[in-house]
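First up is the structure itself, then whatever we jot down about it.
Derivation of every value follows stated rules applied to the coordinates shown; laboratory data play no part. From a predicted model like this one, the values you see are computed outputs, not experimental measurements. Cβ atoms come from the backbone with ideal geometry, glycine included; neighbour counts cover every protein chain shown.
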Amino acid sequence: MQPLILAALLALPQAPAPAPAPAPEASARPLSFYSGSFPFIWDRTLPMTVNLDGLKVTSIFFNKRKVEPGFFNLLKGAEFGTRAQLEVTNTGKYPKVPGFAVAVLDKDGNLLGVASGGTKLGTMKPGDTETFDLNFTQVKERLSKGDRFLLSIELRD
């Protein structure tokens, strides 16, 4: 009789073992985040009024870095990369560690280039104003034909 019961139990469908619970994320606190879309203009300072937890982006400027005439005549007119230059002020009470990403799109929504950057060492102290150069590399030749740009900011204290 026991072999019959054992055979009947083995023929019953088995329920799958429960899946293990996902591991918690390593970061104890979430990052502050901002993302927005803006009109693009090449080689002109664009005023901005972005404020993320006391970090204010006041302007952005897209251009190619060039040595101005009279600076080093040997290098005059030489280009040193393509950039988005952000002016940022920490108006908060605590130091901040910002990271930035910029994507430039044409009028049809095609991606023309992407740049990113942020603080390299240390933090932005309360009251500090800094200029961040975000470098476009590899895909950058059509940037001056941009129509819109996307700006994203991740912020840590």
At a Förster distance of 30 Å, what's the computed FRET efficiency of residue 108 paired with residue 157, Cβ-Cβ distance as r, to 0.05? 0.15
Within a 10 angstrom radius of the beta carbon, how do 130, 154 rank from fewest other beta carbons to most? 130, 154
Amide H neighbours of residue 32 at under 5 Å, excluding residues fewer than 5 places away on the same chain, with H built from the backbone geometry, are 155
When the Karplus curve 6.51 cos²θ - 1.76 cosθ + 1.60 is applied with θ = phi - 60°, which whole-Hz ³J(HN,Hα) does each residue of the stretch 130-141 get, with x for Gly and Pro? 10, 10, 10, 9, 9, 8, 8, 10, 6, 9, 7, 5
In Hz, Karplus ³J(HN,Hα) per residue of the stretch 142-152 (6.51, -1.76, 1.60; θ = phi - 60°; x = Gly, Pro): 9, 4, 5, 8, x, 10, 9, 9, 9, 10, 10
